[in-house]
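Notes follow the structure.
The values are calculated or read from the model by the stated rules, or taken from the named source; none is laboratory data. Owing to the predicted nature of the structure, the values given are computational and were not obtained by experimental measurement. Note that we place each Cβ from the backbone using ideal geometry, even for glycine, and neighbour counts take in every protein chain shown.
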Amino acid sequence: MQIKTKQDVRDMARGAAFLGVGGGGDPYVGQLMLQQEVLKGKFPNVIKAQELADDAKVLCVCGIGSPPVLVEHLLSSTMLSKLVDQMEAYLGYRIDALISAEIGGLNSVMTLGVAAQRNVPLIDADGMGRAFPQLEMVTFSVYGCPASPVMIVDELGNMARVHAQTDSVAEKMSRAISSSLGAMVYSALYTMTGKQVKECAVHDTLSLSYDIGRCIRESREQLDSPFEGLLALLNKPEENRHFRVLFDGKIVDLLHEIKDAWHFGTITMEANGDSNDVMVVEMQNEYLAARLNGKTVAIVPDLICILDAETAEPITGERLKYGQRVKVTGLSAAEILRRPECLEVFGPAAFGYEESFQTVEALNP
C-alpha cells in the first residue's frame, strides 16, 4: 500500500472515519497534516509487522480527549515530532517503527503523517481494529504490553509524563491531564518490541482502511449504490467477516454531552415512511450499541457505522445533525477482539451494559 497522492490521502481518511465508528477524532484534521507531508514529497512507508525484527523498537502515537473538541484545537506537527523526540530521549534509544493505537478517525491518519515527517516506517496494524474511548482498550494491554511511560503534549508544547502501575490508572491520569488542557492532547505510549507487535496487534488494518475509503469513492462513481461495493468488499463469510445494513432512515433526535473529556450521545432515527420503526444508537466517543425497536442488532466490540444514505460517507458523532438521512451498518470485529480475554476489557460490560456480547452475524442472520 502506498500513500502518494491527495486522492490516496482522502481515501485513507474516509476509511479511517468508517473504522472510527463515530469517534477517534475527525480524520480531516489528520488528513491535512498527512497531505502537507505528501505535497513535500514525504511519503509514509507502511510495512507489515512480519517485516520487523523481533527486537525492533516500536512506539504508539495517539490523541487523547473528546473528538468534538478536536476541531477547536490546532494540530501541530512540530509538537508531535517533539513528542517522539522527548520519548526517545527518555527511553534512551531510537524508535525503529511507529504503530497506531487505533485505526479509526484521527489517530491512524495522524500517525501516517508523523511517520512520513520522521521517515520512520509505520506498521500495517493497530491495537483495536476500530476506535475505543479509553487508552487501555487495546490488544497491547490485554496481552501484557504496558502503556506506561506515557508522554503527553498539547498543541502549545505543554508536556507531562505519566507512570502508572496499571493501564487503567494510566488512562485516568492521562484523561485528567487532557481535561485540564482543554480536553485534547497527544501522547506517545505503549513501547513494544517487534515480537510483541507480531503477537498482540490487530493486523492489516491500515490497508483495510485504505481499501474501504477507496471502495466508497469508486462505488459512488461506478455503481448504482455505494453500499453494493461495501457489501462486496466487507461481507466475506468465508473469511469470518460479516457486514450488514441494519437501518435506513433519518435522524429525529440527538443528545450530546461532553463529560470528563468524553463525548456521550444518543442518536434516535425513524425509518423512511414508518415513524414506528425506530433505531437508537448509543455512544461514548464511539458508537457502542444499536437497537432496533428496543432489540439489540449490534454491540461493541463489533463496529457500528452511521453513513450518509446516498453517498455512504461515514459520519462522525460530532457531525450528526437532525434530519440527516442515514444508513446504519454493522461490521464484525477482528477475531482477536472477540476472544474472552479481550471482551473483558472492551466488551459490553466494560461500558456498563448488562447484556452479553453477541456477534452482528448472529443478531442479523
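M184 versus (1) under 18 Å from L331 (Cβ atoms); (2) aliphatic (A, V, I, L, M); (3) under 19 Å from the mean Cα position of the chain (by Cα): which is the lone unmet condition?
The number of the failed condition is (1).
Looking at A116, A170, can you tell me which residue is over 18 Å from the mean Cα position of the chain (by Cα), within 21 Å of Q35 (Cα to Cα), outside the structural domain of P348 (by TED's automatic domain parsing) and not polar (S, T, N, Q)?
Answer to the selection: A116.
If you scan the range 268-302, which residues turn out to be touching a residue at least 40 places away in the same chain (Cβ under 8 Å) and more than 17 Å from the chain's Cα centre (by Cα)? First the steps, then the outcome.
Within the range 268-302, the subset touching a residue at least 40 places away in the same chain (Cβ under 8 Å) is 269, 272, 279, 281, 283-290, 292, 296-302.
Within the range 268-302, M269, N272, M279, V281, A290, L292, T296, V297, A298 qualify.
Can you name the residue in the range 303-341 that is assigned to a loop (DSSP other than H, G, I, E, B) and hydrophobic (A, V, I, L, M, F, W, C) and, of all such residues, is farthest from the chain's Cα centre (by Cα)?
Going through the qualifying residues, I end up with A309.
Go over the candidates D274, D302 one by one and state the one that is at pLDDT 95 or above and in the same structural domain as K327 (by TED's automatic domain parsing).
Among D274, D302, only D302 is at pLDDT 95 or above and in the same structural domain as K327 (by TED's automatic domain parsing).
What strands (runs of 3 or more DSSP E), lying completely within the range 210-300, carry at least 2 residues that are surrounded by fewer than 22 Cβ atoms within 10 Å (Cβ to Cβ) and of a type in the set (A, V, I, L, M, F, W, C)?
243-259, 262-271, 274-284, 286-292
State whether the residues of the range 92-108 include one that is in contact with a helix residue (DSSP H, G or I) (Cβ under 6 Å, 6 or more places away or on another chain), at positive phi and modelled with pLDDT under 95.
yes
Run Y90 past the list (1) closer than 26 Å to A176 by Cβ; (2) outside any helix (DSSP H, G or I); (3) touching a Pro at 6+ places or on another chain (Cβ under 7 Å); (4) not basic (K, R) and report the number of the one that doesn't hold.
(2)
Return the pair list, or none, for Cβ contacts closer than 7 Å from residues in the range 82-99 that are in contact (Cβ under 8 Å) with a residue 40 or more places away in the chain and not assigned by TED's automatic domain parsing to the domain that holds A125 to residues that are assigned to a helix (DSSP H, G or I) and surrounded by fewer than 20 Cβ atoms within 10 Å (Cβ to Cβ), at least 6 apart or on different chains.
Cβ pairs passing all conditions: none.
Residues in the range 305-320 that are among the charged types (D, E, K, R) and at pLDDT below 95: how many? Before the answer, list the steps.
Just the residues of the range 305-320 that are among the charged types (D, E, K, R), to begin with: 308, 310, 313, 318-319.
Going one step further and asking which of them are at pLDDT below 95, we end up with 318-319.
Qualifying residue count for the region: 2.
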